[in-house]
Amino acid sequence: MNSGIKTVLFAALAVIGFFVPTLLGGSGAVYAACVLIAIFAVMSYGLDIVVSDLGEVSLAHTVFFAVGAYTTALLSVSAGLGPVLSLAGAILMVLLVAAALGFVTLQLREFVFSLVTYAVAVVAATIAQNWDFLGGSDGLRGIPAFELSWLGFKARNDQELWPVAYLLLLVAIYLVSAFRRSKLGQAAMMVHLNQRLAVTSGVDPQRIRLQVFLVSAPITASAGWLYAYQRAYISADVLETYFLILMLTAVVVMGRRLLLGPLLGVALIQIQEKFFSFGGYVDKIILGSVLILTLAFLPNGLFGVVAPLRNLFIRRATPVGKTIPERS
Amino acid sequence: MNFTQQLVNGIVLGHAYALIAIGWTVLLGVARLVNFGHGQMYMLGAFVTWYGVSRLGLPYFVAIPVAMLVGVAVGYVMQRVMLQLTLKQDLVSIMIVTLGFGYVLHGAAALFFGSTGQILETPFSTKDIYWGDLWFTYQDIAIVIVAILFFAVLKYVIDRTRIGRLARMVAEDPQLAQLAGVNVRRVYLGVFAFEGAAVALAAALVAPRTPILTSMGFDEVIITFVVVVLGGIGSVTGSYVAGLALGLFTAFFGAFVSPAYATAAAFAVLIAVLVVRPGGLAVSPGGR
Amino acid sequence: MKATKTLKTLAIASLGALALSAQGHAQAQQPIKVGVIFPLSGGAGPQGQHVTQAIQAMAAIINEAGGVMGRQIEILSRDDESTPAVGVSRANELISSGVSLIIEGWNSPVTLAMQPVISRANILDITAISKADPILSGEGNPLAVRLNSSNSQDGAVIAKYIAGTKAKRIAFMTENDAYGNGAQESIEAELKKLNYAYDKVAEEKFPFNQADFRVALTNVRAANPEVTIAINANEGLGMPALIRQAKQSRLPGQLVTAVGTVAPSVISVAGEAANGVIGADIYFPDVEPFASNEANKKFVAKTQEMFKYTPDKYMALGATSLQVWAMAANEVKSLDKEPVAKRIRGGSFKGTIFGDVTFAANGQLESNHKLFTIENQKIVVRPVSN
Amino acid sequence: MNTRPVLEATNLRVAYGGNIALDVPRIAVRERELVGVVGANGAGKSTLVNGLLGWSRGSPKVSGKVMLDGKDMSRLPPHERVKAGLLLIPEGKLVFTQMSVEENLAASVNAPHDGQGRRHYSIDDVYTLFPRLYERRHHLGSQLSGGERQMLGIARALRLGPRALLLDEPSIGLAPRLVSTVLETVRSLVDSGLTVLLVEQNVRAAIEVVDRLVLLERGRIIAEGPASEMRDDPRIAEAYLGAHVA
């Protein structure tokens, strides 16, 4: 496909995407679901580049999500800062945390890396539950509505928050695709696939790993930022395994290194939970089974199954991929 | 007498930790597999034992092997599903799959066993021993004895028997082991079945100490983590020592500081050790 | 038809009469949707299910008496899975299905997360159980209403008990979170108010999910307390474990549990070890004045008929939430949030399950505590001694 | 030469991804024969011996037929082929470094007794053959020198009762003096009844010991014949032995 046409197609797609909630009836529940899907998708995109490109399983991304949410809550409640400054603060804070964590885990790979990141997540949950500064087990309350007074914009409900969530989603997708085309993204892939070859090609794997971490963490943290506004309340539950499983499933379920994969993954899971729920336990079994079955039996994810069909509609491939799961 | 009682607490707790961790230690040592479903397998072992004793009326000593058999079955199924990933050594996918299994086991157990707290009573757990000021139960003694025996036998099997040698060969280099005529698949399946049986045994022995809930696996998995990693990944002797040390640490940290932060403190130690000696942990594979 | 009822059920009776007169309209009108959000799965699942059932029983009672403003009540129940994120999603679902009231709240963090969402949607939100103090702070919901007793009300009754025993050596075993620390603080504050001198010989904090208290109990035992106060809201796991292990470790002195932490379910898990433990609570289905309260009798009978279960305190709180709202809505003839909330906050109601009740201006139900002892694994309410 | 070959592969193809790395219509090793496979780096020598066993550290796609004593091995997993007597001593890592020499030599599968041309080497036989290993029997594999590891690798294979032995680049990384020692050991094993397919980059050393030579280039056999004839083959002489040899 000609790259000009591609750009136009993507732009058209982005515009259509904005009207998805309206097309689905525009009820409060639809907007609530769409906003959450956008937020959780952004959260997953952060993890996506670590898992899919760098090839490591970080179990500490819930911490980045929490850092984003807690920083936003603290800055907006105690310091009265607006969304722009709280976003800046959240990103700054998460860069510090990610740098520290990246530095600590620089030497570690594979399961030792995962074990340590998991340990970090556990310690973070303990801290969040017990430290009064972070609200302890009661959490932080009274986060104001998302308001940009200089634009005259105020989001009192999910419908009004949707443009922000959608914009954040587009930015995250753009960042991930730009990352994949960048030198860093290619170096990360090289480190992932063949570390020895990477070293002999003059790539420093440890530096690449740290850099990827520093790109990834702010993406996930920005999801936490918006989540704080959406929920108006943050507590230690943002560090629960639920979010971890959600992220991991979203990243792998469609197939790795698919640009829209995490978005579609999150959409599938959320739609099932919200509109086709079978109760907490059965939902758990469903989510777990989806994770197991895709990884164990569908090396290319769900998309690998439908990909051959795609050839039948090659021209419409991308728009179809975008809209189908949101309707199902 | 506070000190001796805490010592007793720590020793019992330590042996319990070591016993819970042993299946995973071998799994990690031999197959390089991280099992995030370990805690839920522990929960399942406890509930199957409980179901056998209190619902089916089985004697405790019959319920234990039943639970172990269920553990073997679960371990076998898990590994059967993950076999291709294991052979490819796709550790990333395996970790995520085991997380998924933990989720499924939790959901399924809650549907089947319900979500109320239960007490697993055994002939030992109800008999208290008061010795001067000291207090413990026969269950505690059973935990310590079984843990020591289990570790001794396991150490012997791994170091001195043919099965142990096969496992160590696969642990060091599964490809080379194939060239020595070893059926690597079977070793992987066997190791996971062992993990299932071991964790079920641990659950049957340790779970009577506290009420059990189908949502409880998480805390067990994180403690096991510390034991497995601090012990030197895959080291049997190491995880016994680490389990005991962690038990004593928990008891005395609880006694002198606060039980509220004992787990977090253990994790802080773990992170520190990993950072200071990242390479030192990758001791000889093969479950020694 | 309701003319023979006693004074206590006058409110319900008038409600019924009102319904009769409006029956013509009622058939044409849609039922009023009431949302109920409690954990239906997980550790608190069984209790959440019971509370939901109790609310359904109360809805049946109200509907039989003619409903609210002549319309029937329809209960929409959701599972918050004890997770704030899930609770918020479920609240959003209920909001968009057009409920007029949401009764919620087993876990405080879940309640705190849902409050702003429900409040922004301008729907009345009644918290049945969750105890955290900030629930009534007005930050999440300026028109909050809560039925379960507050930490400070609970602290007073325990402090009074301690002062009555004249025990000087007091130990605390406290869950290290907002609930536990708040409960301990309020007990100590109330003791101070009574000018009661005591030694805090031990204070052990532990995480919510702790099930093995041997280390903490060893410390407490060594301090040789006369009274040990256990504050642990983990009814499925921690509280029964603590009671059992305290008994086994031969903890000296009297074990006292914080208000509302010992439900029948705790006693059934703890077994014989629970005998002799002292606690306090605000509702007992078969003890005076509840035993002769017509509204309560009706509720107990209905719950037993529909669900084969004798209601406990939580169920009574859930049902009363709906009952009080129905009374208020009938009185102000509106389903809107503001008038109903204003009628409840600072208002009094006659003939509820809890008898005649009053709400404080901040929305807190003022409750009446009773001490009890567990004997033969049954709750036995202690006669009022002072 | 009308006897059935011990090891015979037909239409052996190995592909990595979509790239065909090896395409051999037929290769055979007869009883008590030492066949050398030579070729440049990347000619497919290792791919050939790995393919015969269906074994690799990568994940190639192997097709074709492999017969050992007329029995089809093609569908068996590597460890079953090993049990049938088809043994490979791989290049590079060929001993268990975390085990002692003695443990390395402890039979991991029950080696068969004599019969069907398979000779059973007891642990004493192996120590007689390699006295050096006896001296170092309590050392860990990781403590051995390159030459000792090569000996241990061969000895381990002998313990499994080989019918045909595939040897991948035994000379790699060894001092020149050791190369000839190792190759002479191989020759003497063949003389005492073993059947061996030897992959070797060091053509000059190999040609001294082998019976027949196969020349691989880009995954295909381009020349094949008795060692004595091949020595004069220009493709061998020029490329591998240096022009002055002829």
Range of Cα positions in chain C per principal axis (Å), largest first: 72, 45, 38
Taking A:W225, A:W131, A:W150 and counting other C-beta atoms within 10 Å, the order from fewest to most: A:W150, A:W131, A:W225
FRET efficiency for B:L87 and B:V62, using Cβ-Cβ distance with R0 set to 35 Å, rounded to 0.05: 0.45
Mean Cα-pair separation over length for chain B, i.e. relative contact order, pairs under 8 Å, 6 or more apart, %: 38
Residue-averaged 222 nm ellipticity for chain A, from DSSP H runs of 4+ at -39500 (n - 2.57), nearest 500: -24000 deg cm²/dmol
Inter-chain Cβ neighbour average for residues C:34-47, partner chain, 10 Å: 4
Size of electric dipole in the range B:3-281: Cβ of Lys, Arg +1 and of Asp, Glu -1, about Cα centre, debye, nearest 20: 740
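Multiplying the sequence separation of A:L23 and A:S289 by 0.36 nm and subtracting their Cα-Cα distance, what value in nm do you get? Working shown, then result.
Working: separation 266, 0.36 × 266 = 95.76 nm, distance 3.10 nm.
So the chain would gain 92.7 nm between A:L23 and A:S289.
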Net charge of Cβ neighbours under 15 Å - reference A:A124; Lys, Arg +1; Asp, Glu -1: -2
Translational diffusion coefficient (Stokes-Einstein; Kirkwood radius from C-alpha pairs) of the range B:3-281 at 4 °C, 1.567 mPa s, in µm²/s: 68
Residue (of D:S59, D:S142, D:V210) at the positive-pole extreme of chain D, dipole from beta-carbon charges: D:S59
Nearest-ten-degree value, helix C:108-120 long axis tilted from longest Cα axis of chain C: 30
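Viscosity 1.306 mPa s, temperature 10 °C: Stokes-Einstein D of the range C:275-354 from its Kirkwood Cα radius, in µm² per second? All intermediate terms of the calculation are to be shown ahead of the outcome.
Working: Rh = 14.0 Å.
In µm²/s, the coefficient is 114.
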Förster-model FRET efficiency, 60 Å R0, C:K33 and D:E184, C-beta, rounded to 0.05: 0.05
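May I ask you to sort C:F38, A:F278 by Cβ crowding, counting other Cβ atoms within 10 Å and putting the fewest first?
The fewest-first ordering by Cβ neighbours comes to A:F278, C:F38.
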Prolate/oblate/rounded label for chain A (Cα gyration tensor, a/c 1.5): rounded
Bins of 20 Å from zero: percent of alpha-carbon pairs in the protein assembly as shown: 10, 34, 32, 16, 6, 1, 0
Amide H contacts of A:G255 (H built 1.01 Å from N, under 5 Å, at least 5 apart or other chain): A:L302, A:F303
Extreme residue, positive dipole direction of the range A:3-312, given options A:L258, A:M247, A:T22 (C-beta unit charges): A:L258
Tilt relative to chain C, helix C:151-165 - C-alpha long axis, 0 to 90 degrees, to 10: 40
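Given +1 on the Cβ of Lys and Arg, -1 on the Cβ of Asp and Glu, and no further charges, what dipole in debye does chain C carry about its Cα centre, rounded to the nearest 20? Intermediate results must be reported in sequence, preceding the final value.
On the way: 37 positive and 35 negative charges, 147 e Å.
Here the size comes out at about 700 debye.
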Gain upon complete extension [A:F297, A:V282; 0.36 nm per residue less C-alpha separation]: 3.3 nm
Cα→Cβ-extended label distance, 7 Å offset, between B:R80 and A:I16, nm: 4.4
Cβ-placed point charges (K, R +1; D, E -1), dipole of the protein assembly as shown about Cα centre in debye, nearest 20: 1440
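From the Cα gyration tensor of the range A:107-170, with a ≥ b ≥ c the square roots of its eigenvalues, which class applies: rounded if a/c is under 1.5, or else prolate if a/b is larger than b/c, or else oblate?
On the way: a/c = 3.93, a/b = 1.71, b/c = 2.30.
Verdict is oblate for the range A:107-170.
Could you sort A:48-54, A:11-17 so that the peptide with the highest average Cβ count within 10 Å comes first and the rest follow in order?
Details: A:48-54: 24.6, A:11-17: 13.6.
Ranking, from highest mean packing down: A:48-54, A:11-17.
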With Cα atoms, 0 to 90° folded angle of helix C:10-21 axis to chain C main axis: 30
Sequence-distant residues sharing a close amide H with D:G36 (under 5 Å, placed H): D:L198, D:D211, D:R212, D:L213, D:V214
Amide H within-cut-off set for C:L255, under 5 Å, with H built and near neighbours excluded: C:T228, C:I278
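Could you sort out which of C:K297/C:K333; C:K131/C:K378; C:K193/C:K247; A:K274/B:K88; C:K200/C:K247; C:K33/C:K313 sit more than 29 Å apart by Cα distance in this structure? Show your work: numbers first, answer last.
Numbers: C:K297/C:K333 27 Å; C:K131/C:K378 25 Å; C:K193/C:K247 32 Å; A:K274/B:K88 36 Å; C:K200/C:K247 21 Å; C:K33/C:K313 25 Å.
Violating the 29 Å Cα-Cα cut-off are C:K193/C:K247; A:K274/B:K88.
Taking R0 as 35 Å, what FRET efficiency do you get between A:L92 and C:K168 from their Cβ-Cβ distance, rounded to the nearest 0.05?
Working: r = 53 Å, r/R0 = 1.51.
Once rounded, the FRET efficiency stands at 0.10.
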Taking D:R177, D:R204, B:R209 and counting other C-beta atoms within 10 Å, the order from fewest to most: D:R177, D:R204, B:R209
Spin-label model distance (nm) - C:N195 vs A:W131, 7 Å beyond Cα toward Cβ: 4.3
Two-site label geometry, B:D128 and C:E366: point separation in nm, points 7 Å out along Cα→Cβ: 4.3
Average other protein chain Cβ within 10 Å of Cβ, residues C:131-137: 2
Net length gained if the chain between D:K65 and D:N41 were fully extended (0.36 nm per residue, minus Cα distance): 6.1 nm
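Shielding of D:156-167 by partners, i.e. mean partner chain Cβ atoms within 10 Å per residue? The partial results should precede the final answer.
Values: counts 3, 2, 0, 1, 3, 1, 0, 0, 0, 0, 1, 0.
Mean partner shielding for this stretch: 1.
Just so you know, all these numbers are worked out from the coordinates, no wet-lab data involved. If you're wondering where the values come from, they're calculated on a predicted model, not measured in any experiment. When we count neighbours, we look across all protein chains shown, and the Cβ atoms used for this are built from the backbone with ideal geometry, even at glycine.
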